[in-house]
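Note sheet for the following structure.
Bear in mind that the values in this text are calculations on the coordinates, not laboratory data. What you see is a predicted model; the values in this text were computed from it and never measured. Cβ coordinates were reconstructed from backbone atoms using ideal geometry, including for glycine residues, and neighbour counts include every protein chain displayed.
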């Protein structure tokens, strides 16, 4: 299975500012001061060594992840603003004359996780099939409502694709696109749901918009069991531990430290920090990643846990 991240920010889309870009250019020029380069290949090697906070960006789209299992059907996790680019990619790959099936799994119905649907081009193409999987019975109503006037000029009924809605129940596994799919209710305003996807070779967890209370050991153990043996855990790491237990307690999000601890206990292989705080710069996210990796080294008792910070465009083969 492959994972491709199309949107990794939380709450609201953000973009690089002129000041951000100038700072990256200044850092590059400072590092290159006095150097000459023989060709573009040498320049590329130099840029690659600058650090991701200078040579790249984590991006600004809200939640959207693609799972690429074996088989012809497509799997999308959340419909944040990143799904627009995913739709363009799919249209370029398959063309308008090749009907496709898209399975969409929603963590919850807050706007940052559904706002991309009106801009998802495959939804407008007759012959396409879009199956929306959710733990919420009101998923259909939520997707229709955001396109009602005066909020949006295109009504939901204008979509050409055939929509289906499936409600999942925690504890009841279903088979979708060749994978066994389980769902788990999470602590978040209005409830959110974490998803576990298992195929013959991989186990992937998608757990965003979930708050973990350090004193709720029963709930913590339930998540550890849900994460058990995962090849990849995509985890809401919006806050620092200090923020999560103090000023932003009960805001419905978690920390990088909680993710590291639970994934270590679950013997997961990879942790992807996700749902990045929109006010955090690339440099701040890199700092959080470095702190997370140091904490993993300190707390590790068995096999190592790979810790990564997800970014828009990242593709991982499990």
Check your understanding: Pick from 230, 141, 123: which residue has the top mean-square fluctuation in a GNM of the chain where Cα pairs under 10 Å get a spring?
Key -> 141
Study note, to complete from the structure: Expected unfolding gain across residue 163-residue 140 under the 0.36 nm per residue rule, minus the alpha-carbon gap, is 7.4 nm
Check your understanding: Using a Gaussian network model of the chain with C-alpha springs under 10 Å, which one of 205, 12, 298 is most mobile by mean-square fluctuation?
Key -> 298
**Study point:** Extended-chain gain in nm, criterion 0.36 nm per residue less alpha-carbon gap, residue 52 and residue 215
**Key:** 55.1 nm
Exercise for review: Let me have the relative contact order for the chain, percent, based on Cα pairs under 8 Å that are six or more residues apart.
Suggested key: 18
Revision key, fill the gap. Rounded to the nearest Å, the spacing of the alpha-carbon centers of the stretch 131-166 and the stretch 23-52 is 47
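Which order do peptides 268-280, 180-192, 145-157, 88-100 fall in by mean Cβ count within 10 Å, highest first? All intermediate terms of the calculation are to be shown ahead of the outcome.
On the way: 268-280: 22.0, 180-192: 18.1, 145-157: 11.3, 88-100: 13.5.
So the order, starting with the most tightly packed, is 268-280, 180-192, 88-100, 145-157.
Work out how much length residue 279 to residue 94 would gain on full extension: take 0.36 nm times their residue separation and subtract the Cα-Cα distance, in nm to one decimal. Don't skip to the end; give the middle numbers.
Numbers: separation 185, 0.36 × 185 = 66.60 nm, distance 3.63 nm.
Gain on stretching residue 279 to residue 94: 63.0 nm.
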Revision key, fill the gap. Percent relative contact order for the stretch 54-183, counting Cα pairs under 8 Å at least six residues apart, stands at 22
Review point. Semi-axes of the chain's equivalent ellipsoid from the Cα gyration tensor, sqrt of 5 times each eigenvalue, largest first, rounded to whole Å?
Key: 31, 26, 19
Check your understanding: Based on the alpha-carbon gyration tensor of the stretch 1-106 and its eigenvalue square roots a ≥ b ≥ c, which shape applies: rounded if a/c is under 1.5, prolate if not and a/b is larger than b/c, or oblate?
Key -> prolate
**Study point:** Mean ellipticity per residue at 222 nm, deg cm²/dmol - from DSSP H runs of n ≥ 4 across the chain, formula -39500 (n - 2.57)
**Key:** -8500 deg cm²/dmol
Revision key, fill the gap. Quick note on 240, 207, ordering by fewest other C-beta atoms within 10 Å, gives 240, 207
